[in-house]
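Inspection log for the structure reproduced underneath, given as C-alpha cells.
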Amino acid sequence: ISVGTTTVRLLEQAALQKNNNDEYIGYGSGWTDLFITPGYEFRIVDSLVTNFHLPKSTLLMLISAFGEKDLMMNAYQDAIRHGYRFYSFGDCMLIL
C-alpha cells in the first residue's frame, strides 16, 4: 500500500532500478522524473491511499492510471456530490 502519489512515483522508480531478479526494488538516491499517466504498467504498487486532487492535474492523471479513469471520475463525482474536501488537508480515498 502506497500512502500518497509521491510515494507511488518513488516506489515505481525503485522497481525500475531493481538490482537483480531476487529483489522487488532497487536502491539509490536522487530524484525521479517518472511521469505516470493512464496506460502505465505498475510494477510494485497495488493499492494507494491518496487525497482527492484538483481537476486537470498530473496527480489526477496518476490515479487515473492506477484505478481506471472512468472509475476514478465516478468516484470524484460522488465526492463532489457528498461535499468531500479536496487538497492536502481534505478527504482521502483508498484505491485497491
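The values are calculated or read from the model by the stated rules, or taken from the named source; none is laboratory data. Because the structure is a prediction, the values reported are computed rather than measured. When we count neighbours, we look across all protein chains shown, and the Cβ atoms used for this are built from the backbone with ideal geometry, even at glycine. Heads up: the accessible areas ignore ligands, DNA and RNA and are worked out on the full protein's heavy atoms, side chains in. Shrake-Rupley method; radii C 1.70, N 1.55, O 1.52, S 1.80 Å.
Summed over segment 45-67, the residues that are open to solvent by less than 70 Å² (accessible area, probe 1.4 Å) and assigned to a loop (DSSP other than H, G, I, E, B) give a count of 5. Residues in segment 74-87 include none that are in a helix (DSSP H, G or I) and under 13 Å from Gly4 (Cβ atoms). Only residues that are within 30 Å of Ala75 (Cα to Cα), of a type in the set (Asp, Glu) and assigned to a loop (DSSP other than H, G, I, E, B) were counted in segment 12-44, giving 2.
May I ask you to list the residues in segment 53-66 that are at pLDDT below 85 and over 14 Å from Thr6 (Cβ atoms)? Passing the criteria: Leu54, Pro55, Lys56.
Among the candidates Phe35, Phe42, the residue that is exposed (fewer than 13 other Cβ atoms within 10 Å of the Cβ) and hydrophobic (A, V, I, L, M, F, W, C) is uniquely Phe35.
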